[in-house]
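Beneath this line is the structure, given in structure tokens, with notes to follow.
The values are calculated or read from the model by the stated rules, or taken from the named source; none is laboratory data. No experiment lies behind these values; they were computed from the predicted model shown. FYI the Cβ positions are ideal-geometry reconstructions off the backbone, even for glycines, and counts take in every protein chain you see. SASA here: full protein model, heavy atoms, side chains in, ligands and nucleic acids out. Shrake-Rupley method; radii C 1.70, N 1.55, O 1.52, S 1.80 Å.
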Amino acid sequence: MSDITVREAARRRTFAIISHPDAGKTTLTEKLLLFSGAIQQAGTVKGKKGGKFATSDWMEIEKQRGISVASSVMQFDYFDNVVNLLDTPGHQDFSEDTYRVLTAVDSALMVIDAAKGVEAQTIKLLNVCRLRATPIVTFMNKYDREVRDSLELLDEVENVLEIRCAPITWPIGMGKTFRGVYHLLNDQVLLFDAGGTRLPHEFDIIDGIDNPRLDALFPLEIEQLRNEIELVKAASNEFDLDAFLSGELTPVFFGSAINNFGVKEILDALIDWAPSPRPRHATVRDVEPGEDKFSGFVFKIQANMDPKHRDRIAFLRVCSGKYERGMKMKHLRLGRDVAATSVVTFMAHDREIVEEAFAGDIIGIPNHGNIQIGDSFSEGEQLAFTGIPFFAPEIFKAVRIRNPLKIKQLQKGLQQLGEEGAVQVFKPENGADLILGAVGVLQFEVVAHRLLTEYGVEAIFENCAIWTARWVSCDDRAKFAEFQKATVHNLAIDAAGSLSYLAPNRVNLELTRERWPDIVFHETREHA
Ligand code: G4P
């Protein structure tokens, strides 16, 4: 390990924001960027419904529908640290993409709309974080509005999400009487002031909860507030770094993203407490971030993010060492070197050529379809990073095209969209129509839109009698061949070339399982 790779890895923080749609993820992202100085003017990037669009919203369809479809990546400096922020689609129909983004982060920031509390998508996302014991920082948003009782909110997080809460700040009032937040560790009151242009250091701070200035400012409320703080201190968990790092306890902050209020405190918590890149599991060994040699894995592929660049970008999380412009990286699945001269980094809309990158960074490798989700790269060592799953789809459609002359474009488009993970594509062994599988209905709309705009194909999706898919494997070659022969009408190959069994209903799947006890039916597929 060299000093530089160890030091650079240690100053990186790579996290994602997770939330239910409308909780304020986009707003918060913009504010974090604003504070870092990455964008200068607040409000230029907000307002999906108002014609303008968020920096993190890339695709046309997002603007049309006002939801974040694609995940994007932003890198910025914050004092001595380098922050990589991975955006995730909030809509549940794109949860597959989100799940995989969460495999590439070291911590997560959970945003909750304090008027609504814990919502469905938050529960799902937190469960995914739990799979890797990802540390979570919580932000209760929208205190400039009437919201629910703060203690009740903490209770809900603890009970529904099964994670202990340690409030770090505490709100003083809400809505019209929102006065600010009290920092329980610093014993300081940060005074609220509405408006979206104020920078963190422009809010007034009063030292000490017993400070007479507070009595002068809020004569009617201050006694009650002091009592409440006493109660909160006595009733809630103290912050414990180890419990946070093992994903058992979450520090909780309160504020209003749209008013830039309480946001800096979260960023500071992520810098001070969230982990720098951790060792990663690979097939042969665990890989340390500070190792000299470069390695990483692809967790996401996206095509045509910017009409000016009509290529596909593979998002690679650097796991160790140093990437340098022009270095040779080995694409381990194909056993080939990739000339990495045009590797890019991300600042929402803009892409810049990367000169160097270290563990925790996300780099983008332009390619023409030879990189798939889950692919590992190294300087030559045969490492395959594990834990990047595909999930069995829940909805299936058969694909037809209006103009049969476009069949080639359709196949190409679906092959690429399949490799990207935008949708799962199954080619039945008996040669019938291609079958698309998705976790959410909206994925089909995106695919139809993209087939039309990117490949010029008008596709028609029809319902089909498939209930679920299971990837199949068997150690006994002869048995496997026998199985394949007997069930050929139910078998299909996915975009990565893996064999799967398409079951028309639950009973069929159960009976097939019973009949073929040597065959393993997998609900998720790790990269081959
Ligand atoms: P998302 O990415 O999680 O889906 O949420 P987003 O940031 O788009 O925020 C959803 C809505 O909540 C936005 O309103 C946004 O302005 C509002 N919002 C975010 N933070 C706060 C906050 O601290 N206080 C209040 N009161 N609102 C907040 P919108 O969809 O654009 O509608 P509109 O209210 O602007 O008409």
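Brief remarks on what is shown
- The listed residues Trp170, Trp467, Trp516, Trp273, once ranked by accessible area (1.4 Å probe) with the largest placed first, stand as Trp467, Trp273, Trp516, Trp170.
- Spin-label model distance (nm) - Ala194 vs Asp149, 7 Å beyond Cα toward Cβ: 2.6 nm
- Full-stretch length increase - Arg513, Glu356 - with 0.36 nm per residue and alpha-carbon distance subtracted: 51.5 nm
- With Cα atoms, 0 to 90° folded angle of helix 150-160 axis to the chain main axis: 30 degrees
- For Lys427, the aspartates and glutamates whose Cα comes closer than 16 Å to its Cα, not counting residues fewer than 8 places off in the same chain, are Glu419, Glu462, Asp494.
- Separation in nanometres of the label points that stand 7 Å from Cα toward Cβ, at Leu334 and Asp204: 6.2 nm
- In this rough spin-label picture, where each label sits 7 Å from Cα along the Cβ direction, the Glu381-Val488 distance is 4.6 nm.
- Residues His368 and Asn505, FRET efficiency given R0 of 45 Å [Cβ-Cβ distance, rounded to 0.05]: 0.70
- In this structure, Val232 and Asn463 have a Cβ-Cβ separation that, at R0 = 51 Å, corresponds to a calculated FRET efficiency of about 0.45.
- Degrees, to the nearest 10: 222-235 long Cα axis against longest axis of the chain: 50 degrees
- With q set to 0.08 Å⁻¹, the log10 of I(q)/I(0) for the chain, from the Debye formula over equal scatterers at the Cα positions, is -0.55.
- Taking 0.36 nm per residue of separation and subtracting the Cα-Cα distance, full extension of the segment from Arg325 to His449 would add 41.1 nm.
- Span from the the range 412-427 Cα centroid across to the the range 429-448 one, whole angstrom: 8 Å
- With respect to the chain, whose longest principal axis is taken over its alpha-carbon atoms, helix 120-131 is tilted by about 80°.
- The chain - mean residue ellipticity at 222 nm from DSSP helices (-39,500 (n - 2.57) per run, n ≥ 4, rounded to 500): -8000 deg cm²/dmol
- Reachable aspartates and glutamates from Lys116, criterion Cα separation under 13 angstrom, eight or more residues apart if same chain: Asp22, Glu146, Asp149, Glu152, Glu156
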